Amino acid sequence: MTIHYISIIVLIAVLVASSTAASETILSDVNLLEFPLNLEYLEAEFFLYGSTGHGLDKISPELADGGPTPIGAKLAKFNDTVIRDIIYQFALQEVGHLRAIKNTVIGFPRPLLDLSQSSFSKVIDKAFGRPLRPSFDPYANDINYLIASYLIPYVGLTGYVGANPLLQNASSRQLVAGLLGVESGQDAVIRGLLYERRAWKVNPYGVTVGEFTDRISKLRNQLGNEGVKDEGLDETFSSGSILAGDKYSLAYSRTPKEILRIVYGSGNETVPGGFYPKGGNGHIARSYLK
């Protein structure tokens, strides 16, 4: 009887320990899955406003979850209807991503986003190390909008690559793999469109599209502060660089810290700014704010 009772006690202890470990695993997955909502909100709003003049508040208000309306986002002046259609498709994809993540974890409301001309021009000025005159306007034309779009999906892509091996649950990894696949596709399309035009001069600056992308990529490497994980269209190969990858042509990965340093524009995960004036939402992002 004594041995029997001891066996039961040991079994209970094992079950409790397993349950605790499982809870911790689930919690770690939840944090890693909800963090990308910050980037998905940014992409959804930028692409929705750029292609339609409206954001989540009109398209899918339940996904905004009461979060503040983005600052300065507006309809872009597209001359090329194909590019506008591509951006609109990206917008719908981002709405799907928000739904997919929020169907898996509770998530959080849309953070305050600054998608104004001023917000983008500050990034471009920092990339060039001087203020451009006139200030860069992402909504002014097709090329400017594509250059501004170059700023966004790739950062989220590297975050998914970094998160995937840390996830414990198979369904979590499947979700991230699905998100990563489409984000990679968006980045490839944007790079492809810009690559075709990389020798074009961006008016009125007299600087090529390729140089814009090179400077943006170098800035992201600088802000992330973890080495080279980015490359512009004119870097690496003598003929150009259609896709970004390491020496084995594998996708680069970034941690949440690196991503926050980049999207805040501060190079510091504890100092919000840039596209997130009040910082990102969720446990991971808020844990870095003082």
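The values are calculated or read from the model by the stated rules, or taken from the named source; none is laboratory data. What you see is a predicted model, and the numbers here were worked out from it, not measured in a lab. Glycine also receives a Cβ, built like all others from the backbone with ideal geometry; neighbour counts cover every protein chain displayed. Note: accessible area is taken over every heavy atom of the protein model, side chains too, but ligands, DNA and RNA are not part of it. Shrake-Rupley method; radii C 1.70, N 1.55, O 1.52, S 1.80 Å.
Brief remarks on what is shown
- The sole residue among 160, 150, 145, 139 that is more than 21 Å from residue 229 (Cα to Cα), touching a Leu at 6+ places or on another chain (Cβ under 9 Å) and either surrounded by fewer than 16 Cβ atoms within 10 Å (Cβ to Cβ) or hydroxyl-bearing (Ser, Thr, Tyr) (or both) is 139.
- Summed over region 78-107, residues that are surrounded by 14 or more Cβ atoms within 10 Å (Cβ to Cβ) and among the hydroxyl-bearing types (Ser, Thr, Tyr) total 2.
- Residues of region 280-290 that are outside any loop (DSSP other than H, G, I, E, B) and either surrounded by fewer than 17 Cβ atoms within 10 Å (Cβ to Cβ) or more than 16 Å from the chain's Cα centre (by Cα) (or both): 283, 286, 287.
- Which listed residue, of 193, 175, 233, is in a helix (DSSP H, G or I), closer than 26 Å to residue 132 by Cα and either in contact with a helix residue (DSSP H, G or I) (Cβ under 7 Å, 6 or more places away or on another chain) or open to solvent by 30 Å² or more (accessible area, probe 1.4 Å) (or both): 193
- Listed by first and then second residue, the pairs linking a residue in region 126-154 that is modelled with pLDDT of 95 or more and assigned to a loop (DSSP other than H, G, I, E, B) to a residue that is among the small types (Gly, Ala, Ser) and open to solvent by 50 Å² or more (accessible area, probe 1.4 Å), with Cβ atoms under 8 Å apart and 6 or more places separating them unless they lie on different chains, are 135/118.
- Looking at 248, 205, just one residue is at pLDDT 95 or above and surrounded by fewer than 20 Cβ atoms within 10 Å (Cβ to Cβ), and that residue is 205.
- With respect to (1) open to solvent by 40 Å² or more (accessible area, probe 1.4 Å); (2) at pLDDT 95 or above; (3) in a loop (DSSP other than H, G, I, E, B); (4) not polar (S, T, N, Q), the lone exception for residue 267 is condition (1).
- Failed item in (1) buried (at least 18 other Cβ atoms within 10 Å of the Cβ); (2) under 22 Å from residue 46 (Cα atoms), with residue 277 passing the rest: (1)
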